[in-house]
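> So that we are looking at the same thing, I have put the structure below in structure tokens.
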Amino acid sequence: MNEPPTIHPDAVFDPPDAQAGAFMRDMEGARRRIAGAQDGGGLQRAAAEIRALWHRVAGETEAEPLTRLISTLNDALTRRVIDLACAGQQLQDVRWCWIALGSEGRQEQTLSSDQDNGLILAGSGGAQALRQRMLPLALRINEALDACGFPLCTGQIMASNPQWCLDLHEWRERFASWIIEGDPRALLNATIFFDLRPLHGAHDLAQALIDWLADMAPDNPRFLYQMTENALRRKAPLGLLRDFAVARSGKFAGTIDLKQDAATLFVDAARIYGLACRARASNTADRLRRAGEARRLEPQDVQAWIGAFNGIQTLRLKTQQRCFARGSAMHNRVDPNELDAGERRALRDALRQARALQKHLALDYLGFRQGI
């Protein structure tokens, strides 16, 4: 699997200055606190320190290096949670890998992301016996992460759910059912599983699954066709007479959901291109880069689409930070009329890039240029 590029804290700040140095020192301090945590209280204090780092710079710097940097801390925290949960457990005869899914798997978590994860198992005695041994441990880990500020997944996509605590053969069967036999609805619900990334344990188990997926997915045109149809169900919220097409009624009237109506357009398209070119990458920008390297996309388009996606992610972080400053629940919705002129222009241009990416996707995998 291609490892994501190493991001130095200086990359978060342009130009690097005293703020970068302070941020770097605080990151190192957070790493030490994570490594030294010995109980739930220590883990929760370390998690609060990570969130404080987020809030200090969220929305003020580029999204990609920031989300990657914070992901390294979240990864370290999760590994420490797992290590403490495993203390005293007799697991020498079991091989397992904790995998991150969804935004965590893509290293694109924002300030309001929940947890999506699973387990890949290997060992003697059969999958069911292994599952019965590992599920109580997985539940402790999920609950400890929840206590650290990573909410339990409302859709139950967690390692403590028997559906997502499987041996390697079962995982391959599950993916094969989605790829070969899955209907569009099943695929719609399964998309985040294609963002898997090994986080702790026997990484070779996840690597074997990733390699298998890289060979299986591109050789199934029907699968790519259905994934594309699903991706194109969402349209960029651009209006005919006005700049934006906002929600017309309900609690969120007059707003745009920056996650579902904007960022997801790039995430879904990049996932398809990444799978189609056998990329061992889960991050959205990395998938687009791999597709460019494989000559599936033009370099100038890749650069424009990554820039637009990062712009939307930055606005998401800024929106969440504004909610936090007001003491309200963090969300991804903006009223375009409340944005300043620069933000409005940047959002409009990013959505136009999303529309262009979707048109390219339709031409490549549906065989025609949809009226998007």
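> Could you say which residue among L53, L43, L111 is closer than 18 Å to L199 by Cα and either modelled with pLDDT of 90 or more or not β-branched (V, I, T) (or both)?
Result: L43 is the single residue among L53, L43, L111 that is closer than 18 Å to L199 by Cα and either modelled with pLDDT of 90 or more or not β-branched (V, I, T) (or both).
> Give the residues of the range 92-110 that are surrounded by fewer than 19 Cβ atoms within 10 Å (Cβ to Cβ) and in a loop (DSSP other than H, G, I, E, B), sorted by residue number. Reasoning before the result, please.
Just the residues of the range 92-110 that are surrounded by fewer than 19 Cβ atoms within 10 Å (Cβ to Cβ), to begin with: 92-93, 95.
Q92, D93, listed by residue number.
> Within the range 158-171, does at least one residue satisfy the condition of being among the polar types (S, T, N, Q), within 20 Å of L366 (Cβ to Cβ) and crowded, with 16+ Cβ neighbours inside 10 Å? Walk me through it before giving the result.
Going residue by residue through the range 158-171, those that are among the polar types (S, T, N, Q) are 160-161, 163.
Then keep just the ones that are within 20 Å of L366 (Cβ to Cβ); that gives none.
Taking every residue of the range 158-171 in turn, none turns out to be among the polar types (S, T, N, Q), within 20 Å of L366 (Cβ to Cβ) and crowded, with 16+ Cβ neighbours inside 10 Å.
> Quick check on my filter: what residues within the range 47-91 are charged (D, E, K, R) and either in a loop (DSSP other than H, G, I, E, B) or within 17 Å of N142 (Cα to Cα) (or both)?
E60, E62, D75, R79, R80, D83
Table: residues versus (1) within 23 Å of the chain's Cα centre (by Cα); (2) surrounded by 15 or more Cβ atoms within 10 Å (Cβ to Cβ).
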residue	(1), (2)
L240	no, no
F244	no, yes
S249	no, no
K259	yes, yes
F266	yes, yes
R271	yes, yes
G274	yes, yes
S282	yes, yes
A291	yes, yes
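> Which residue out of L73, L43 is over 26 Å from K318 (Cα atoms), buried (at least 16 other Cβ atoms within 10 Å of the Cβ) and not acidic (D, E)?
L43
> Looking only at the range 303-357, filter to residues that are basic (K, R) and touching an Asp or Glu at 6+ places or on another chain (Cβ under 6 Å); which one of those is surrounded by the fewest Cβ atoms within 10 Å (Cβ to Cβ)?
Step one: list which residues in the range 303-357 are basic (K, R), which gives 316, 318, 322, 326, 333, 344-345, 348, 352, 355.
Narrowing the set further to residues that are touching an Asp or Glu at 6+ places or on another chain (Cβ under 6 Å) leaves 333, 348.
On the way: R333: 19, R348: 16.
Top of the filtered list is R348.
> If I ask for residues that are in contact (Cβ under 8 Å) with a residue 60 or more places away in the chain and touching a Lys or Arg at 6+ places or on another chain (Cβ under 9 Å), which ones from the range 298-311 would you list?
I306, the sole residue that qualifies.
> Just to be sure, is S249 among the polar types (S, T, N, Q) and closer than 24 Å to Q109 by Cα?
So S249 fails the test.
> Quick one: would you say L265 is within 29 Å of A58 (Cα to Cα) and modelled with pLDDT of 95 or more?
Judged against the criteria, L265 is a match.
> Okay, moving on. Determine whether A214 is under 20 Å from the mean Cα position of the chain (by Cα), within 24 Å of Q358 (Cα to Cα), surrounded by fewer than 21 Cβ atoms within 10 Å (Cβ to Cβ) and touching a residue at least 60 places away in the same chain (Cβ under 8 Å).
Values: under 20 Å from the mean Cα position of the chain (by Cα): yes; within 24 Å of Q358 (Cα to Cα): yes; surrounded by fewer than 21 Cβ atoms within 10 Å (Cβ to Cβ): yes; touching a residue at least 60 places away in the same chain (Cβ under 8 Å): yes.
It is true that A214 is under 20 Å from the mean Cα position of the chain (by Cα), within 24 Å of Q358 (Cα to Cα), surrounded by fewer than 21 Cβ atoms within 10 Å (Cβ to Cβ) and touching a residue at least 60 places away in the same chain (Cβ under 8 Å).
The values are calculated or read from the model by the stated rules, or taken from the named source; none is laboratory data. Just so we're clear, the structure is a prediction, and the values are computed from it rather than from any experiment. Virtual Cβ from ideal backbone geometry, glycine too; neighbours counted across all protein chains shown.
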